[in-house]
Amino acid sequence: MKKSILLNAIILIQILIVPSFCSAQKFNDLALTPPMGWNSWNKFACDVSEKLIKEIADAMVSSGMRDAGYIYLNIDDCWHGERDSLGFIHENHERFPSGMKALADYVHSKGLKLGIYSDAGTQTCGGHPGSRGHEYQDAITYASWGIDYLKYDWCNTGELNAKEAYISMRDAIYSTERPIVLSICEWGTYKPWTWGAEVGHLWRTAGDIVDCWDCELGHGIWTSNGIMKVLDMQKDLRQYAGPGHWNDPDMMEVGNALTVSESRAHFSMWCMIAAPLIAGNDIRTMSKETKEILTNTEVIAVDQDKLGIQGFKMFDYGDVEIWAKPLSNDEWAFCFLNRADKPNPAELNWKENNIYDDFFHKKAEFNKQTYTIRDLWAKKALGTTDETFKTIIPAHDVIMIKIVPKK
Ligand code: GLA
């Protein structure tokens, strides 16, 4: 009798537990706030090497970037060598003479994590071996190297179904039992925000970014977009983002060919929309201004707020926009963005503009509750919401504030 109870209990446990271990899924405890790190592509394109990555790792520590939260150090395209006769991928031995495992060990010893890049098609965008037909082999290889993050691109994919292709890599990663963040990079082509949450941890919502304020750069069959153009493409996507699954407007161009004001505005807006903060500049040689932008912990805290709510445009006056983002503890961030190439005044009469964010059930009723205001770039108090907020926004810049309920 006792034996049969025991047997039944074991069978029941297997029915309940075993499928949840066996059925593939993504690693759910990763990227609970937008991932932060660095990626080689925007600044170095195909010029990646073990030397560069080690120097960047050192600079991430000495600059304070790591301590500000930038943990993932991601090698983009062109690290690849060839597949061997069994189909396993190898690193380019000239560029990575000590091998990827040794590089991962080095990066880990600095308290950082290592990311790598592949492609769902036959070849990467840079013409290196893609993972198509080698998904499980590649995932095993990455796990054995100690990789923590995979950006998975979409070149040379022919008629592949995007969701299915990304699920294949998700399942391959899951089978290795190594928690690896999966960054879906199909440029928003098949609306990854509608299926990405169960597949990966972030998905690109647009094509490639380029380091200009509001330009469009044609490359024949595709176009890259300046900061404002990419920002405009994030419209109507906020309901899809949250802890573990983020809209990704692309890696940052802060500190590249932008002015200091433009870099500050770009960074602020990425934080307002809870974007992954993946720096794309040369950390080794960045200016004091760039470092101060990237490591402003009060602005980073807006991005990293644990509620993970993407902000929204509250008012659009053409050149001037006012954005709002609900934060935990009934706090809010606001960003006054000036898109124009001359300074512009902006104001907000709080008491006439209660906010109701119906989708995330957040509200701020300024006629009932006073908030204190803090300027997150000037790092100083700016009165309360009992007075109309008035400011002048420099050209291509922002004024960014946080408000806290007054006790
Ligand atoms: C695509 C991606 C970029 C970068 C390159 C590498 O264009 O969108 O972010 O990874 O490929 O070739």
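In table form, for the structure just shown:
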{"read-out": "Rh (Kirkwood; distinct C-alpha pairs) - the chain, Å", "value": "22.5 Å"}
{"read-out": "Estimated inter-spin distance, ASP319 and ASN354, nm [label 7 Å along Cα→Cβ]", "value": "3.4 nm"}
{"read-out": "Stretchable slack from SER287 to ASP84, in nm (0.36 nm times residue separation minus alpha-carbon distance)", "value": "68.8 nm"}
{"read-out": "Acute angle (nearest 10 degrees) that the helix 2-22 long axis makes with the longest principal axis of the chain, alpha-carbon atoms", "value": "60 degrees"}
{"read-out": "Share, in percent, of DSSP beta bridges within the range 27-303 that are antiparallel, nearest 5", "value": "25 percent"}
{"read-out": "Contour minus Cα-Cα distance for THR194 and THR223 (0.36 nm per residue)", "value": "8.1 nm"}
{"read-out": "Rounded to 10°, Cα long-axis angle of helix 135-145 versus longest principal axis of the chain", "value": "80 degrees"}
{"read-out": "For the chain, the longest site-free run once GluC sites (Glu not before Pro) in DSSP loop states with at most 13 other Cβ atoms within 10 Å are removed", "value": "178-364"}
{"read-out": "Order of VAL181, VAL320 under a 10 Å beta carbon neighbour criterion, fewest first", "value": "VAL320, VAL181"}
{"read-out": "FRET E, pair GLN25, CYS46, Förster distance 41 Å, beta-carbon r, rounded to 0.05", "value": "0.75"}
{"read-out": "Between 0 and 90°, nearest 10: helix 260-272 axis offset from the chain longest Cα axis", "value": "70 degrees"}
{"read-out": "Least to most buried among ASP386, ASP357 (fewest other Cβ within 10 Å first)", "value": "ASP386, ASP357"}
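Values quoted throughout were computed directly from the atomic coordinates according to the rules given, and no laboratory measurement underlies them. Predicted model only: the values in this text are computed from it and were never measured. Counting neighbours? That spans all protein chains shown, and the Cβs are built from the backbone with ideal geometry, glycine included.
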